[in-house]
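Contents: one structure, followed by commentary.
Read-outs throughout are calculated quantities, based only on the coordinates presented, and are distinct from any laboratory measurement. What you see is a predicted model; the values in this text were computed from it and never measured. Cβ sites come from the backbone with ideal geometry, for glycine too, and all protein chains shown count toward neighbours.
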Amino acid sequence: MVSVIIPVLNEGATIRKVIRIIKQSSLPTEIIVVDDNSTDNTIDEAQKEAVRIVTSSRRGKGLSMREGLLAAKYDVVVYLDGDIITYPPDVVDLLANPILNDEADFVKSTFKRQAGRVTQLVAKPLLSILFPELSDLEQPLSGMIAARKSFLEKVSFEKDYGVDVGLLIDVHRMNARIKEVNIGKVQNAMQSLESLGKMSKQVTRTILNKADAQSLQTLGHIDLINRQMESAVLESITRMEKMVLLEMNHLVLQAHFGETAADTLGLETEYKSIQKLYPNPPERLAAIAALFAGTSLPTLLEIADDIELMPGIKDLIAELKKRGYTVGLLTEQFSCVANHLKNTLGFDMVLCNRLVLDEGIATGELEYAPYFLEEDDVPASYQKSQVFSYIKDRYQLDPQNIVYITASATDRACLNAAGIGLLLENHDIESLLDMLPGVNESKSYLSMARSVKPASLVLPAVVLGAVGLMAWMGLKSLKKKTLQQVDPDAAPCMN
């Protein structure tokens, strides 16, 4: 069996064709698409081919490759690029067979293509000086490779474009048997000069660092826009007029992620103890993060994927976006899972705390999101409902133009802070779709915590089509269901 890993970033136009080529292999395979937080339809297209999706914890090709390796179930691993549709039908066989037949420890592809400028002008000259044993390789920067998982687990993965040459140097130093295999003609889009400039710096830095030759050229610490790109989606939303925020647990997912993960990992007792010992959200969340220390990103995402989605949730998100809403996912646990759901379900943005990962493994540390803190870097000021003030300050979107939907009756503070706060009864998303114009409107919702303020009327009229009608029905139900139904002593805004 062979695990085929495809790191991708905005390759919706080609990913299905690549997957279909891989499926022509004579070898039994599992296909893993590791998405580097694409902003196009890459995930939607990959899902049509019924392959496993892993959302990378941060942007960077090397990190995606590492996290794909953690997800792989088989010992022979093949990496392929997701933007090349000229692979031969037996590309997996060509790369994997030398490993399966014990002819090589590491297989690197060669191919015919337009001249690779970074390869010819940067990689080859540096390798010829610092690693002359590798100077004869035709394509030292090729990302189409194969090796045993157990072998790759012993080497480090650079987090950027230096990953391919870095792996080559590392396996060479391990005295690996390196073999090149011709996979025919490869054709992909030519990169911009700006992209080539970034790639050349990353490749140069990697080769020099591997050779302990940093003094040859002062490159400094190059942290190429990883942090900037992490928030690219948020930054791109410059003008929002109306928003719907959906709570993740028991509304998007049918269960609570933290509870399910603890149960799956055999940590149910410890998780319940944390709930009792730490009544304050910041301390409780930090303890839960520590509980998951040592767990890999693919394991966490696999647990999330095994939790059933609420029926109709994807249609709801699509309908709200069609009506002009920015649709956000809100949760206190955890960014890696929330970003994965964003990719697979089509949310515009996520608002969540960050579980710190090191090379795809949870460290046990938690980074509180600034939008949950009333005071910067002061965990004691933690308050989930603070996110509404953050949105107002950051995006000039008044909370009165935000609809918050949750399935938790303890979310009182968030329900109060939103222009319209809605508690979804019976966890039934499909009834929400029934509320849309022209559909049966017999099911009802409860607008929580207070009646809708007159200021809420600033919401555009289009809200009536998607969620405004729910608020109206909720007001009717308030005559029968009062605030006494909510436990007044319940802690606010807890998942």
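GluC sites (Glu not before Pro) within region 1-110: which are DSSP loop residues with at most 12 other Cβ atoms inside 10 Å?
In loop regions of region 1-110 (DSSP not H, G, I, E or B), the sparsely surrounded GluC sites (Glu not before Pro) are Glu103.
For the pairs Lys159/Lys322; Lys48/Lys185; Lys154/Lys185; Lys149/Lys384; Lys17/Lys154; Lys201/Lys384, flag any whose C-alpha to C-alpha distance is greater than 30 Å.
Lys159/Lys322; Lys154/Lys185; Lys149/Lys384; Lys17/Lys154; Lys201/Lys384
Where does region 34-139 land on Rg(C-alpha)/(2.2 N^0.38 Å)?
Compactness ratio reported: 1.26.
Calculate the spin-label point distance for Lys322 paired with Gln275, positioning each point 7 Å from the Cα along the beta-carbon direction, and give it in nanometres.
3.8 nm
Which FRET efficiency, nearest 0.05, do Asp102 and Asn10 yield, Cβ-Cβ r, R0 51 Å?
It comes to 0.85.
If R0 is 45 Å, what FRET efficiency do you get for Glu138 and Asp315 from their C-beta distance, rounded to 0.05?
0.35
For an R0 of 60 angstrom, estimate the FRET efficiency from the Cβ-Cβ distance between Thr86 and Thr264 and round to the nearest 0.05.
Once the sixth-power term is evaluated, E becomes 0.90.
Test of understanding: what is the full-extension gain from Ser200 to Lys392, defined as 0.36 nm times their sequence separation minus their Cα-Cα distance?
65.1 nm
Could you check the simple spin-label distance between Ala290 and Leu121, using points 7 Å along Cα→Cβ, in nm with one decimal?
Calculated label separation equals 5.2 nm.
I'd like the distance separating the alpha-carbon centroids of region 356-389 and region 105-162, in whole Å.
39 Å
I need the Kirkwood Rh of region 2-226: take the reciprocal of the average 1/r across all distinct C-alpha pairs and report it in angstrom.
This gives a value of 17.6 Å.
So, counting K/R as plus one and D/E as minus one, what does the shell of residues with Cβ under 10 Å around Gly346 add up to?
So the environment of Gly346 carries a net charge of +1.
Taking θ = phi - 60°, what integer Hz values does the Karplus form 6.51 cos²θ - 1.76 cosθ + 1.60 yield along region 87-101, in sequence order, with x for Gly and Pro?
Working through the residues one at a time gives 4, x, x, 9, 4, 5, 4, 4, 7, 7, 4, x, 6, 4, 8 Hz.
Among the DSSP beta bridges whose two residues both lie in region 104-183, what percent are antiparallel, rounded to the nearest 5?
Of the beta bridges lying entirely in region 104-183, close to 40 percent run antiparallel.
Name the trypsin sites (Lys or Arg not before Pro) in region 32-136 that are in a loop by DSSP and that have at most 16 other C-beta atoms within 10 Å, would you?
Hits after loop and neighbour filter: Lys48, Lys73, Arg113.
Counting Lys and Arg as +1 and Asp and Glu as -1, what is the net charge of the other residues whose Cβ lies under 10 Å from the Cβ of Gly162?
Around Gly162, the charge tally is +2.
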